[in-house]
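Participant: Quick one: this structure, given as C-alpha cells, is what I'll be asking you about.
Derivation of every value follows stated rules applied to the coordinates shown; laboratory data play no part. All figures in this text were calculated on a predicted structure; none of them were measured in a lab. For neighbour counting, all protein chains shown are included, and Cβ atoms are generated from backbone atoms with ideal geometry for every residue, glycine included.
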Amino acid sequence: MITRRNLLKTIGAGFPMTAFAQMSANPAAPRQPHFTPRAKHVIFLFLNGGPSQVDTFDPKPALQKFHGKPMPTPNLKSERKTGNLLGSPFTFKKYGQSGIEVSEIFPEIGSVIDDFCVIRSMHTERPNHEPSLLLTNCGQRLPGHPSMGSWITYGLGTENQNLPGFVVLCPGLPVLGPILWTSAYLPGLFQGTYIPNNEKEIDKLLPNLRNGRYSAAEQTAQLGLLQKLNRRQMEREGADPQLEAGIQSMEVAFRMQTEAADAFDITREPEKVRASYGDGDFARGCLMAARLVERGVRMVQVYYGDDQPWDSHDDILDHRRLARTADKPIAALIRDLKQRGLLKETIVVVTGEFGRTPATEVSGLVKVQNGRDHNNHGYSSLVAGGGFRGGMTYGATDDFGFQAVENPVDVHDLHATMLHQLGLDHKRLTYRYSGRDFRLTDVHGNLIQAIIES
C-alpha cells in the first residue's frame, strides 16, 4: 500500500507547503491529552426515547402515597397535558454494599450497582426529543455541530489505525439519525461510522467491506493512482480538507479489510461470554463495544433500538419489556470489561435524552392512560469506570421525581467531566469555524468533582 508518507517522499520540492502539511500529518494518530487521563475509551449506551427515572433508578415513596391524586405542588410544564400522579408499578430493592435502590426491572444492573455512579439530578432544556437528542449527543440544541464522539476523536485520535475511531451501533436509526454522530465542521475523518447491529452475518453487518473483484495488490495500485490524482488536485487548487478527509477514509476502509471482520464478529467469543450478554440487537451491540475498545477504538455508541423505543406515553408497564433486553447486556458489559482489564480505562454511560413525568399523560394522543410524558426537569443517568466513583448516588429530584433540586447536573457538566477523565480540558478543546472558537460544551459546563476519584 502506498502511504501518504511514502508518497510525499517521492513528490519533490515543488509541492506546496500547505498541501504538504495537510497530507503529512495523520489526524487520526493518538495525540497527547491536556493532562494525565484516567480513561482512554468511552462506551455510550443510549436508551433512546427517554426512560422513566421514577420507575428505574430514582424511587419516590411520596409518589406511591399520592398515587391517583393531583400533584400537591405546582405542576411543571411538560410537552403534553398530564393528569394525576402515577405511582410506579415496579418495586425497588437495595443492592450491593452501597445499598442503592434499583427497580425490579433492572436486577442485573442492581447486581453491579456498586460499579455505577447514579446521577439522579440530570436536567436538560427542552421536553421534546430532537433538541434533547442533539444536546446529549452534540452539546447543542440545534443541528450542525459535531457529536461528542467526533470531539473526542478530534482531541485524542485513536489507538487502532485499522478501525474507525468512533463507531455507532444501532438497529435501524434513532430519531434524527446521522446528524447525531456527525463531525459537522470538524474534519470528516472524525465522523462516527454507523454499523447496523441488527444484522448477524458479517457480510450484511459490514457490506462491501471485502472487494471480491480485486486483490489486495490491485487495490493498492488503485489507491496509488488515486493518491496521484489527489496530489495533482491539491497542487492545482491548494489544501482541501474535504479531499483530505476522503483520502483518509479510503485508507481506513482499505485497512479495515484485515481487522474489522474479526472485531465485529462476536461468534469468535466463547459461548459462555456470549451467553452472559444474552440475545438481541442491544446485547450484540454491547458485546461488540467491548471487543472494539479492546482493539483500541476510542468511542463506541450503542443505541438501544430503532426510532425511540423508551418513549412510553401510553403504558409505563412497557418499560418491563424494554428492560428485559437491556438489563442483562449492560451488567454483562461491566463484568466483561472488568475481566478484560478495561473498566478502569473505559467510561461507560447509560442514559436517555430526558426522563418522564411522575403524572400520567392524558393527552388525546394516548390510547391507554397509564404512561408518562417527557420530562426534561429531572432524570437519571448512570456512569461507571474511567475513574468515576462507583457505589454512590449524586443529586436528587423533588419528592415526586419531577425536578432536580439537589446538585442539579446539566448535560454540559456531564460532558465536561467525561472529557476531564479523558485528559481533556473542555474549555481548551476548541475548533475555529466561521470566525469563532467552538467547543463541545459551548460556553457552559462545570466539572463534577464529587463523582470522580481523587
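Participant: Three principal axis extents, largest first, for the C-alpha atoms of the stretch 248-376, in Å?
Facilitator: 54, 36, 26
Participant: Identify, among LEU440, THR136, GLY99, the residue whose Cα sits farthest towards the positive end of the charge dipole of the chain, taking +1 on the Cβ of Lys and Arg and -1 on the Cβ of Asp and Glu, with the dipole about the Cα centre.
Facilitator: Farthest towards the positive end: LEU440.
Participant: Here is a follow-up. When only C-alpha pairs under 8 Å and at least 6 residues apart count, what is the relative contact order of the chain, in percent?
Facilitator: Working: 998 pairs, mean separation 134.3, N = 454.
Answer for the chain is 30 percent.
Participant: Once both labels are modelled 7 Å past Cα along the beta-carbon direction, what's the GLU237-GLN369 spacing in nm?
Facilitator: 6.1 nm
Participant: If we count other beta carbons within 10 Å of each Cβ, what is the order of HIS41, HIS67, fewest first?
Facilitator: Fewest-to-most Cβ neighbours within 10 Å comes out as HIS67, HIS41.
Participant: Among LEU419, GLY391, THR430, pick out the residue whose Cα is farthest towards the positive end of the charge dipole of the stretch 351-436, where Lys and Arg carry +1 and Asp and Glu carry -1 on C-beta, about the Cα centre.
Facilitator: Selected residue: THR430.
Participant: Say each of LEU447 and GLN339 gets a label point 7 Å from the Cα, pointing the same way as Cα to Cβ; how far apart are those two points in nm?
Facilitator: 3.6 nm
Participant: Still on this structure: To the nearest 20 debye, what charge dipole does the chain have about its Cα centre, counting +1 at the Cβ of each Lys and Arg and -1 at the Cβ of each Asp and Glu?
Facilitator: For the chain, the charge dipole is close to 900 debye.
Participant: Follow-up question, since we're still on this one. Show the residues, 5+ positions off or on another chain, whose built amide H is closer than 5 Å to the amide H of ASN375.
Facilitator: Long-range HN contacts for ASN375: GLY355, ARG356, THR357.
Participant: Sticking with this structure for a sec: Mind jotting down the three principal axis lengths of the stretch 141-242 based on Cα atoms? Whole angstrom, largest first.
Facilitator: Principal axes ranked by extent give 40, 37, 25 Å for the Cα atoms.
Participant: Using the count of nearby Cβ atoms within 10 Å as a rough guide to exposure, how do ARG436, ARG231 rank from fewest to most?
Facilitator: ARG436, ARG231
Participant: Positive end of the dipole of the chain, charges at C-beta (+1 Lys, Arg; -1 Asp, Glu), about the Cα centre: which of GLY87, TYR154, GLY172 has its Cα farthest in that direction?
Facilitator: TYR154
Participant: Before rounding to the nearest 500, sum -39500 (n - 2.57) across all DSSP H runs of length at least 4 in the chain and divide by the residue total; then give [θ] at 222 nm in deg cm²/dmol.
Facilitator: Roughly -9500 deg cm²/dmol at 222 nm, from the helical runs in the chain.
Participant: Could you go through the stretch 36-48 in sequence order and give the Karplus-derived ³J(HN,Hα) for each residue, using 6.51 cos²θ - 1.76 cosθ + 1.60 with θ = phi - 60°, rounded to whole Hz, and x for Gly and Pro?
Facilitator: Result, rounded to whole Hz: 4, x, 9, 9, 10, 9, 10, 10, 10, 8, 10, 8, 5.
Participant: Okay, next question. Taking the Cα centre of each part, how many Å lie between the stretch 85-136 and the stretch 309-344?
Facilitator: First find each Cα centre; the distance between them is then 11 Å.
Participant: Also, quick follow-up: Can you list residues whose amide H is under 5 Å from TYR433's amide H, if they're 5+ apart or on another chain and H is modeled 1.01 Å from N?
Facilitator: Here PHE438 satisfy the definition.
Participant: About the Cα centre of the stretch 44-170, how large is the charge dipole given +1 on each Lys and Arg Cβ and -1 on each Asp and Glu Cβ? Please answer in debye to the nearest 20.
Facilitator: 700 debye
Participant: Then there is this: Sorted by average packing, counted as other Cβ atoms within 10 angstrom per residue and highest first, what order do 280-290, 56-66, 338-348 take?
Facilitator: Taking the mean over residues of other Cβ atoms within 10 Å, the ranking is 280-290, 56-66, 338-348.
Participant: Still on this model: Where does each of 364-370, 377-383 land if you order them by average Cβ count within 10 Å, highest first?
Facilitator: The most tightly packed comes first, giving 377-383, 364-370.
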